[in-house]
Each structure stands twice: as structure tokens, then as C-alpha cells.
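**Student:** Can you read through this structure? Questions will come right after.
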Amino acid sequence: MAIDGFEIEKLLREAFPTATIQVDDLAGDRNHYSAVVTAQEFQGLTRIKQHQLVYSALKNELASESIHALALKTEPRN
């Protein structure tokens, strides 16, 4: 079951309401995405912890394989 990039952005926005989020469908198949998330919530956290927070926000979609691949970049917002 594929997922739309707008739905991914919506889920991330629920978890990180003040974040700047960019989601791109890499292959045009609604299954392989890249996401850039810049959020205040990442301030002071390691890159691994930042990614864990994003993966947690998308856990159901990742577990159900609605998202097959996710290239992720996170940055703290000052």
C-alpha cells in the first residue's frame, strides 16, 4: 500500500508542528521518499536521536511498508 508525500508531511507536522518539512517522491512510485526536517525539537540532540524521533512519527507507515525507503536529513532550528 503506497502513501502520498502529503500524508507523510502531515504526519511529520503533527509530530513537529513548527518544523520546516520537505518531502519528495524519489522514484515517482509513492514508495521511495526523501525528507528534510528542520525542527526546534532537534536542538541539542544527536543526529541519531533526531532520526529516531522522525522514524517514531512514521512508525505505522514504516511497519506496514507503506514507505519502502526514506532518505532522511534532519537539522535543528535555532
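**Student:** Within region 55-78, track down each residue that is aromatic (Phe, Trp, Tyr) and out of contact with any helix residue (DSSP H, G or I) (no Cβ under 8 Å at 6 or more places or on another chain).
**Tutor:** Across region 55-78, there are no qualifying residues.
**Student:** Now a separate question. Quick one: which helices (runs of 4 or more DSSP H) lie wholly within the chain and hold at least 1 residues that are acidic (Asp, Glu) and either modelled with pLDDT of 95 or more or over 13 Å from the mean Cα position of the chain (by Cα) (or both)?
**Tutor:** Correct list: 5-15.
**Student:** Here's another thing I want to ask about it. Residue 14: among the charged types (D, E, K, R) and surrounded by 13 or more Cβ atoms within 10 Å (Cβ to Cβ), yes or no?
**Tutor:** So residue 14 does not fit the description; no.
**Student:** Taking region 48-71, which residues are of a type in the set (A, V, I, L, M, F, W, C) and over 19 Å from residue 17 (Cβ atoms)?
**Tutor:** 48, 62, 63, 67, 69, 70, 71
**Student:** A further question follows. Using beta carbons and a limit of 8 Å, which pairs, at least six apart or on different chains, have the first residue in region 1-25 and without any contact (Cβ under 8 Å) to a residue 24 or more places away in the chain and under 20 Å from residue 40 (Cβ atoms) and the second one open to solvent by less than 50 Å² (accessible area, probe 1.4 Å) and in a helix (DSSP H, G or I)?
**Tutor:** 21/12; 23/5; 23/8; 23/12
**Student:** From the set of residues in region 34-61 that are touching a residue at least 40 places away in the same chain (Cβ under 8 Å), more than 8 Å from residue 74 (Cβ to Cβ) and among the aliphatic types (A, V, I, L, M), which is most open to solvent (accessible area, probe 1.4 Å)?
**Tutor:** This residue is 57.
**Student:** So the check is Cβ under 8 Å with 6+ separation or different chains; which pairs have a first residue in region 65-78 that's closer than 13 Å to residue 53 by Cβ and a second one that's basic (Lys, Arg)?
**Tutor:** 74/47
The values are calculated or read from the model by the stated rules, or taken from the named source; none is laboratory data. These numbers were taken from a predicted model, which means no experiment stands behind them. No Cβ is skipped: glycine too gets one built from the backbone with ideal geometry, and neighbour counts run over all protein chains shown. Note: areas computed on protein heavy atoms with side chains; ligands, DNA, RNA excluded. Shrake-Rupley method; radii C 1.70, N 1.55, O 1.52, S 1.80 Å.
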